[in-house]
Each structure stands twice: as structure tokens, then as C-alpha cells.
Amino acid sequence: LSVVLKCLEEVKPRSRTDIRAVLEDLGRYLKRRGLIIIISDFFDQDQEVIESLKYYRFRKHEVIVFHILDPAEIELPFKDVVNFWDMEREEEFLTQPELIRESYREELMKFIGNYKYRCREADIDYWQMDTSVPLDYSLGAYLFRRQKTVA
């Protein structure tokens, strides 16, 4: 576990990802039931991602989703005009955070709520993670919660 955690902590974010495509590729290699753990911000096509995850549950795999977000993504704490770079679409846009903060948070909460609901509906374990919390602590909290719900 410590080797896996060390590797995860050293991973550097790259440009655009396509979770659905990764999940489709994974299906080619899985011959037996297993445990699938996805750690992502899930800023992707949520309907397609959920359908891909549901497919693995249908195939009797256990699926755990760790939805990782940075506190700044949740709070949008910026005060001055900010130039945002959208890594998924490779676009840049300038905005005043105080003008969009409330509607941004509402949309983000809908986005998170959709994942929580759709995962629960498909019997997929969902856990939201915060990048400001050490990975081992966050995983420990998840495992503690899971142990309580299984016992």
C-alpha cells in the first residue's frame, strides 16, 4: 500500500483525459471479476463516464470512485480578475470570480451531487477527496467509513 501511495503522490497532472476511453481499454484486459478504483476530478462527459462505470458493476466488478477536487475548485476563493486555463478543452478565459462565484458553486454542487447519486444508484462506492488532505489520511477516512458500513 505504501508503494502505491508513494506512486500516486508523485503523479503530475497532464493535459486532457478521457476517462470513458480508459475504462473501455480496461475492459479488454479484465478477464475475471475484480476491484476497479478510479481517482479523478471527473471533469469529463459525466453521463458517458457513469455508463462506463455501471457496465463494470453489471459485470460484477467492485467499483470505487475517488472524486478528487482542490479546495480552490470548490470555493473559487480568488478576488481579482483571473485568467483561467481549461485543461480539458485547452481554452483560456478571463473572469471576475466574485461575479460568477455563486452560480459556479451551484453548478459544482449539482455536478458533485449527480456523481454521488448516480454512483449510489449503481451500487458504486463514492468518496470525495480534497487535495489539501494527505492521501493516506483521506484513504484512511474512507476505509474507516467503509468498515463501519460493512460491519
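Tell me the per residue accessible area of the chain using a 1.4 Å probe; a whole number in Å² is fine.
71
Considering only Cα-Cα distances, which of the following residue pairs are longer than 24 Å: 116/148; 54/116; 79/116; 54/110; 6/31? Mind dumping the intermediate values first?
Details: 116/148 19 Å; 54/116 13 Å; 79/116 30 Å; 54/110 20 Å; 6/31 28 Å.
Among 116/148; 54/116; 79/116; 54/110; 6/31, the Cα-Cα distance tops 24 Å for 79/116; 6/31.
Quick one: how many Å² of residue 7 are accessible to a 1.4 Å probe, rounded to 10?
80
If you look at just the Cα atoms of the chain, how large are its Rg and its Dmax in Å?
16.9, 52
Which value, in Å² and to the nearest 10, is the accessible area of residue 30 when all protein chains are kept and the probe is 1.4 Å?
Estimated to the nearest 10 Å², residue 30 gives 60 Å².
At 1.4 Å probe size, with the rest of the protein present, what percent of the exposed accessible area of the chain is carbon and sulfur atoms?
Working: 5890 of 10760 Å².
Ligands and nucleic acids excluded, carbon and sulfur reach 55 percent.
The values are calculated or read from the model by the stated rules, or taken from the named source; none is laboratory data. Computed from a prediction, not measured in an experiment: that's the story for all the values here. Heads up: the accessible areas ignore ligands, DNA and RNA and are worked out on the full protein's heavy atoms, side chains in. Shrake-Rupley method; radii C 1.70, N 1.55, O 1.52, S 1.80 Å.
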